[in-house]
Amino acid sequence: MPIIVPPTREEIEKKKQVLAQAEEERKTTKNIAATEKEYREGLTKLKDILAPAALSFGNANFELNGKFGRSFFVLAYPRYLSSDWLSQIINLDTPMDMSMFIYPVDSADIMKKLKAKVGQIGSQMDIQAEKGNVRDPLLETAYKDVEFLRDELQQGTEKFFRFALYFTIYAENLEELDQYSSIFESTLAAKLVITKRAILQTSQGLNSTLPVYADELDVATNMNTSPLATTFPFVSADLSSNEGILYGINRHNNSLIIFDRFNMENANSVVFAKSGAGKSYAVKLEVLRSMMVGVDVIIIDPENEYKHLSDAVGGTYINISLNSDSRINPFDLPMPLEGEDNADILRSAIINLIGLLSLMIGKMTPEEESIMDKALWQTYAKKDISETSDFRNISAPTMSDLVEILSGMVGGEGLAQRLTKYTEGTFAGVFNQPTNIVLNNQLVVFSIRDLEDELRPIAMYVILGHIWNVVRSQLKKRILVLDEAWIMMQFEDSARFVFGIAKRARKYYLGLTTITQDVADFMASSYGKPIVTNSSIQLLLKQSPAAIDVLAKTFFLTEGERYLLLESEVGEGIFFAGLKHAAIKIYASYVEDQIITTDPRQLLEIQQAKDEIDGKG
C-alpha cells in the first residue's frame with residue numbers, strides 16, 4: 001500500500017505564489033487584449049473609407065449616396081449574335097457596372113446530356129414522320145445544332161460553360177433611372193436578348209455587379225466557346241463624327257474613323273513609327289484629304305518624300321540649298337494682326353533670332369548673349385525699324401548687317417568672326433539675302449534634302465520662322481507638317497522654338513504635325529513630352545522593341561497595346577484623339593495610293609509608265 005506524504009508548508013506557499021502569478025498574467029493579458037481591441041475599433045479601416053455613407057434597398061431599385069441604381073440580368077439569348085453585340089451597351093452614355101461569371105462545365109457530362117438530347121429530338125422527328133405530319137424546321141435545326149456541338153466538343157475545338165451576365169445602371173433621380181432603363185432594355189431587345197430586372201433582389205443585384213466575385217443572383221445560361229467569345233466586352237469607342245476627314249478603319253469594330261482635328265482643344269498631332277511603318281504615307285493621305293476640304297498645308301521635307309504629292313496636286317515645291325535660288329531672310333518681321341503690338345512682335349523676333357544664332361555659332365555665354373541682344377536691336381535700328389515703325393513699309397536687315405554691327409562693338413568681334421562663314425565663307429548667301437519666295441499656294445513644300453547635315457537644323461529653324469511669320473500675318477486654317485522632327489529636338493534652342501509653335505498654334509488657326517521615327521531622341525529632349533501633351537491627336541504605328549518602352553511610359557500603354565504596336569502590319573497602329581483611342585488601319589483609294597505612295601518600287605513603276613506616255617506623245 002503506497003504511502004502519501006503531505007506537502008510541506010513551504011511547498012504550499014510556493015504553489016500559491018505560482019498560481020497567483022499565473023492569474024495575474026492572465027488578467028494582464030486579458031486587459032492588453034481588451035485594450036488592443038478598443039484601439040483597433042478606433043482605427044479607420046480601408047473598408048470604412050470605401051463604404052458608402054448611406055445605402056437603401058427598395059423592391060425594384062436602390063439608393064446609394066443620393067444616387068439611384070437598378071440591376072438587370074440576362075435571361076436568354078437568340079440563336080445568333082454578332083461579335084460586337086455588346087458595343088452598343090458599353091458605349092451608352094449611361095453610368096453602368098457590368099459583371100460576367102463564367103463557370104466551366106466538364107465536357108464528359110455535357111456529352112452524355114447531348115447524346116440523350118439527340119435521342120429525344122430524333123424520336124420526336126420519327127413520331128412526326130410516322131404520323132405523316134409535315135416536317136418541323138425547329139426540330140431539324142435543333143438536331144443539327146446539337147450534333148454540330150457534339151462534334152466540336154469531341155474534337156476539343158469547343159468547351160462548355162455556364163455564363164451569367166449582370167448589369168447595374170445609375171442615375172441622379174428615379175425619372176432619369178427609368179429613362180436609362182428603357183433605353184438599356186430596348187437596345188438589348190432589338191438584338192433579341194431577353195433581360196429582366198432584379199425585382200425583390202436589389203441587394204443581390206448590386207453585390208453581383210461589384211468587383212467582389214459574388215454571384216448572388218445565380219442566373220446562368222448554358223453556352224459554348226464560340227457564342228461566349230462574342231460577349232468579350234472590350235470593344236473600341238466610336239471615333240466617327242459628322243465633320244472632318246477619314247483617317248482609317250477602326251480595327252475593333254470596322255467603323256470609320258472620321259475626325260476634324262480643328263474641333264479639338266488644339267489641332268496639333270504627333271506621329272511616331274519605325275522606318276517603313278507607313279508614317280509618311282498616313283500623313284500624306286491626311287494632307288491630301290485635308291486639302292479637299294479647303295485646308296492649306298505647309299510641309300518641311302528633309303528627304304524629298306513629298307515631291308510626287310506636290311507635283312500631282314499642283315503645289316509649290318521650294319528647294320533650299322547652297323545652289324538654289326530660293327532664299328529666306330531670318331530677319332523678316334510678320335505683319336501685325338489687329339490688336340497686336342509692334343513692340344511685342346519685334347521683341348519676339350529678336351528672341352527667336354538669338355535661338356537661331358546659337359545654332360549657327362554654338363552656345364553663347366551670358367555675356368555674349370547680352371552683346372548679341374544689343375547688336376540685334378541696333379541692326380534693326382540701322383534700317384530705321386523700331387517699335388513705332390510700319391512693318392508693311394520696311395526693308396529688313398540681313399546677316400551681313402548684324403556682322404557689321406558686331407564688328408564695331410566692344411566684345412562683339414569674336415561673335416562677328418564666328419558668323420563670317422554665313423556671310424562670306426562656305427555657307428554665304430543661304431541665309432544672307434532678302435526673301436524671294438511667296439507662300440501663295442494651297443500646298444507648299446520646303447525641301448532641305450540637298451543641304452549639308454550641319455545646315456539642316458539651321459535651315460529648318462529659318463523655314464519654321466518664316467512660316468510662323470506668314471501664319472501670324474494672315475489668319476487662315478492651315479496644317480504645318482514637320483517631318484523628321486528629331487532633327488530639331490537635338491538642340492535646346494530649336495526644340496524650344498518648336499514647342500513655342502505647338503503651344504501658340506491654336507491662336508492662329510494652325511495645326512502642327514510632328515513626325516519622327518527616332519522616338520528616343522525626340523523624347524530625350526526636355527521639350528519632347530510637352531509637345532506630345534500639347535497635341536490632341538497622336539498616331540502610333542508599328543514600333544521597334546527598342547522604342548516601345550519609351551512610348552509605353554509616355555502614352556500609358558497597356559500590355560495588349562504594346563503587343564499590338566510591335567506586331568502591327570504596315571499602316572496599322574493606335575489612333576489617339578483626346579481621351580479616346582482605337583486600333584486603326586490606314587486605307588487609301590487606288591488614285592490616292594498612286595499619289596502618296598512612298599514605296600520606291602511602286603514609284604519607279606509610276607515614273608516608267610509616265611515616261612512611256614511622254615514618249616508616245
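Only one of the numbered conditions (1) outside the structural domain of Glu592 (by TED's automatic domain parsing); (2) hydroxyl-bearing (Ser, Thr, Tyr); (3) not in a loop (DSSP other than H, G, I, E, B) is not met by Ser290, and that is (1).
Within the span defined as region 163-175, one or more residues are farther than 17 Å from Tyr103 by Cβ, of a type outside the set (Lys, Arg) and assigned to a loop (DSSP other than H, G, I, E, B). Right, Ser203: surrounded by 15 or more Cβ atoms within 10 Å (Cβ to Cβ), outside the structural domain of Glu592 (by TED's automatic domain parsing) and at pLDDT 90 or above or not? No. Residues that are part of a helix (DSSP H, G or I), polar (S, T, N, Q), modelled with pLDDT of 85 or more and more than 20 Å from Trp468 (Cβ to Cβ) do occur in region 353-376.
Considering only residues that are among the β-branched types (Val, Ile, Thr) and under 51 Å from the mean Cα position of the chain (by Cα), which ones fall in region 102-154? Residues satisfying the conditions are Ile102, Val105, Ile110, Thr141, Val146. Apart from one condition, Glu561 fits all of (1) surrounded by fewer than 17 Cβ atoms within 10 Å (Cβ to Cβ); (2) modelled with pLDDT under 85; (3) within 19 Å of the chain's Cα centre (by Cα); (4) among the acidic types (Asp, Glu); the exception is (1).
Restricting to region 172-203, name every residue that is under 20 Å from Leu75 (Cβ atoms) and either without any contact (Cβ under 8 Å) to a residue 24 or more places away in the chain or among the charged types (D, E, K, R) (or both). Full working, then the answer.
Step one: filter region 172-203 for residues under 20 Å from Leu75 (Cβ atoms), giving 180-203.
If the condition is that a residue be under 20 Å from Leu75 (Cβ atoms) and either without any contact (Cβ under 8 Å) to a residue 24 or more places away in the chain or among the charged types (D, E, K, R) (or both), then Ser182, Glu185, Ser186, Ala189, Ala190, Lys191, Lys196, Arg197 are the ones that fit.
Of the helices (runs of 4 or more DSSP H) lying entirely inside region 485-592, the ones with 2 or more residues being closer than 22 Å to Gly278 by Cα and in contact with a helix residue (DSSP H, G or I) (Cβ under 8 Å, 6 or more places away or on another chain) are found at 486-489, 519-524, 528-533, 545-555, 559-567.
For the structure I just gave you, tell me whether Ile12 is outside the structural domain of Glu185 (by TED's automatic domain parsing), surrounded by 10 or more Cβ atoms within 10 Å (Cβ to Cβ) and either at pLDDT below 75 or in a strand (DSSP E or B) (or both). Walk me through how you get there before you give the answer.
Numbers: outside the structural domain of Glu185 (by TED's automatic domain parsing): yes; surrounded by 10 or more Cβ atoms within 10 Å (Cβ to Cβ): yes; either at pLDDT below 75 or in a strand (DSSP E or B) (or both): yes.
Spelling it out, Ile12 is indeed outside the structural domain of Glu185 (by TED's automatic domain parsing), surrounded by 10 or more Cβ atoms within 10 Å (Cβ to Cβ) and either at pLDDT below 75 or in a strand (DSSP E or B) (or both).
For Tyr317, the conditions (1) surrounded by fewer than 17 Cβ atoms within 10 Å (Cβ to Cβ); (2) at pLDDT 90 or above all hold with the exception of (1). Residue under question is Ala273, and the condition is that it be in contact with a helix residue (DSSP H, G or I) (Cβ under 7 Å, 6 or more places away or on another chain), closer than 24 Å to Leu439 by Cα and in contact (Cβ under 8 Å) with a residue 40 or more places away in the chain; does it hold? No: the conditions fail for Ala273. The residue that is surrounded by the fewest Cβ atoms within 10 Å (Cβ to Cβ), among those in region 377-387 that are of a type outside the set (D, E, K, R) and part of a loop (DSSP other than H, G, I, E, B), is Ser386. Can you find a residue in region 513-534 that is of a type in the set (D, E, K, R) and over 16 Å from the mean Cα position of the chain (by Cα)? Yes, region 513-534 contains a residue that is of a type in the set (D, E, K, R) and over 16 Å from the mean Cα position of the chain (by Cα). Inspect all residues belonging to region 145-160 and state whether any of them is surrounded by 15 or more Cβ atoms within 10 Å (Cβ to Cβ), in contact with a helix residue (DSSP H, G or I) (Cβ under 6 Å, 6 or more places away or on another chain), part of a strand (DSSP E or B) and at pLDDT below 90. Yes, region 145-160 has at least one match. Among the listed residues Met98, Met125, Met111, identify the single one that is touching a helix residue (DSSP H, G or I) at 6+ places or on another chain (Cβ under 9 Å), in the same structural domain as Leu75 (by TED's automatic domain parsing) and more than 25 Å from Leu228 (Cβ to Cβ). Among Met98, Met125, Met111, only Met125 is touching a helix residue (DSSP H, G or I) at 6+ places or on another chain (Cβ under 9 Å), in the same structural domain as Leu75 (by TED's automatic domain parsing) and more than 25 Å from Leu228 (Cβ to Cβ). Within region 241-280, the set of residues being more than 24 Å from Ala547 (Cβ to Cβ), in a strand (DSSP E or B) and not hydrophobic (A, V, I, L, M, F, W, C) comprises just one member, Asn250. Whether any residue in region 467-478 is at negative phi, buried (at least 23 other Cβ atoms within 10 Å of the Cβ), outside any helix (DSSP H, G or I) and in contact (Cβ under 8 Å) with a residue 40 or more places away in the chain is what I want to check. Yes: region 467-478 contains one or more residues that are at negative phi, buried (at least 23 other Cβ atoms within 10 Å of the Cβ), outside any helix (DSSP H, G or I) and in contact (Cβ under 8 Å) with a residue 40 or more places away in the chain.
If you take the residues of region 107-123 that are touching a residue at least 24 places away in the same chain (Cβ under 8 Å) and charged (D, E, K, R), which of them is surrounded by the fewest Cβ atoms within 10 Å (Cβ to Cβ)? Step through it out loud before you land on a result.
Taking region 107-123 first, the residues touching a residue at least 24 places away in the same chain (Cβ under 8 Å) are 107, 110-111, 114-115, 117-118, 121.
In the following step, the residues that additionally are charged (D, E, K, R) were identified as 115, 117.
Values: Lys115: 12, Lys117: 18.
So the residue we want is Lys115.
When Glu338 is tested against the conditions (1) of a type outside the set (Lys, Arg); (2) in a loop (DSSP other than H, G, I, E, B); (3) touching a residue at least 12 places away in the same chain (Cβ under 8 Å), the lone failure is (3).
The values are calculated or read from the model by the stated rules, or taken from the named source; none is laboratory data. Just so it is clear, the model here is predicted, and its values are computed rather than measured. Cβ atoms come from the backbone with ideal geometry, glycine included; neighbour counts cover every protein chain shown.
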